[in-house]
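First the structure, in the form of structure tokens, and then the observations on it.
The values are calculated or read from the model by the stated rules, or taken from the named source; none is laboratory data. Predicted model, so just to flag it, every value in this text is computed and none were measured. Counting neighbours? That spans all protein chains shown, and the Cβs are built from the backbone with ideal geometry, glycine included. Accessible surface areas use protein heavy atoms only, side chains included; no ligands, DNA or RNA. Shrake-Rupley method; radii C 1.70, N 1.55, O 1.52, S 1.80 Å.
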Amino acid sequence: MHAVASASRLKGQTIVLVPTMGFLHEGHLSLVRQGRKLGNQLIVSIFVNPTQFGPNEDFEDYPRDFNRDVQMVAQENADIVFAPEAADIYPANFQTFVNTTNLSNKLCGLSRPSHFKGVTTVVAKLFNIVQPHIAIFGKKDFQQLIIIRQMVCDLNFDIKIIGAATFRESDGLAMSSRNTYLSQRQRSSAPALYQALLNAQKMVNANIKKTSTLIQKTTQFIEARPETQIDYIAICDPRTLEDLKLVKQPALMALAVKIGRTRLIDNMILTP
Ligand code: PAF
């Protein structure tokens, strides 16, 4: 992969990388389509990265369908699928990790303490191997996106990071490979995350600016749905992820909710 990427760069091609963990859905494909327009060497990586899963998380169960993924990517005219084995990325003597110190300890980092360290490590490795000029990440994982931007800045990667809009099902549920875990009953609770975010924006429009009130009302709304268990609901500064008391400027509202055993996340920028 490194040799192919180096040759592309010598030919003056623009390399675009869309990193994924596979089991692709329309959300991923929207990133691939965006990538197709931005460069002439479009690479989609598929790698279920073990280091970003905690010990009791779903690494083993994470859905995988490599042949289907390759077909989907081919239909979008991507040039290369890069799908390394875990032993290629983490050989026996592997011992170097990349970690952001502040951003990764907030929101999802509180209940998934080693998650972002695994993400930044694998993304840094993908950047070094694939040598992209541009890389595209979904805004559904807003925290991941800003952590990667921070890493790119701190480690002087010469890569433009693009954040792509969240792709949703018709009832508003953000697309995620993990949605396939949901039972029918759980699936009917899942759109509550997006509805809760829309409700919060409506409350802000109605001049309710206190984040404690917004969070309390959102908690009640989500807890009223079957099988929901809130991990966190936060309203914070979209650059630092520090909690805000009032929505006086655009604020990130982010939430993580377990529905049954499936942990879903979503977010929205609340605008006063
Ligand atoms: O967002 C994902 O799918 C993963 O976290 C990523 C960026 C591909 C790294 O494994």
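Observations on the model:
- Of all residues in the range 29-60 being under 24 Å from Thr121 (Cα atoms) and free of Cβ contacts under 8 Å to residues at least 12 places away in the same chain, the one that is nearest to the ligand (Cβ to nearest atom): Phe59
Table: residues versus (1) open to solvent by 40 Å² or more (accessible area, probe 1.4 Å); (2) within 24 Å of Ala174 (Cβ to Cβ); (3) within 13 Å of the ligand (Cβ to nearest atom).
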| residue | (1), (2), (3) |
| --- | --- |
| Asn99 | yes, no, no |
| Cys108 | no, yes, yes |
| Val119 | no, yes, yes |
| Ala135 | no, yes, yes |
| Gly138 | no, yes, yes |
| Gln144 | no, yes, yes |
| Gln150 | yes, yes, no |
| Asp154 | yes, no, no |
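- Test: residue in the range 50-63 that is in contact with a Pro (Cβ under 7 Å, 6 or more places away or on another chain), of a type outside the set (Gly, Ala, Ser) and closer than 22 Å to Cys108 by Cβ: yes
- Residue match in the range 13-20 (condition: over 18 Å from Lys160 (Cα atoms) and either at pLDDT below 95 or within 13 Å of the ligand (Cβ to nearest atom) (or both)): no
- In the condition set (1) open to solvent by 30 Å² or more (accessible area, probe 1.4 Å); (2) on the phi > 0 side of the Ramachandran plot, Phe59 is compliant with all but (2).
- Exclusive hit being of a type in the set (A, V, I, L, M, F, W, C) and loosely packed, with under 15 Cβ neighbours inside 10 Å, set Leu255, Leu241, Leu193, Leu198: Leu198
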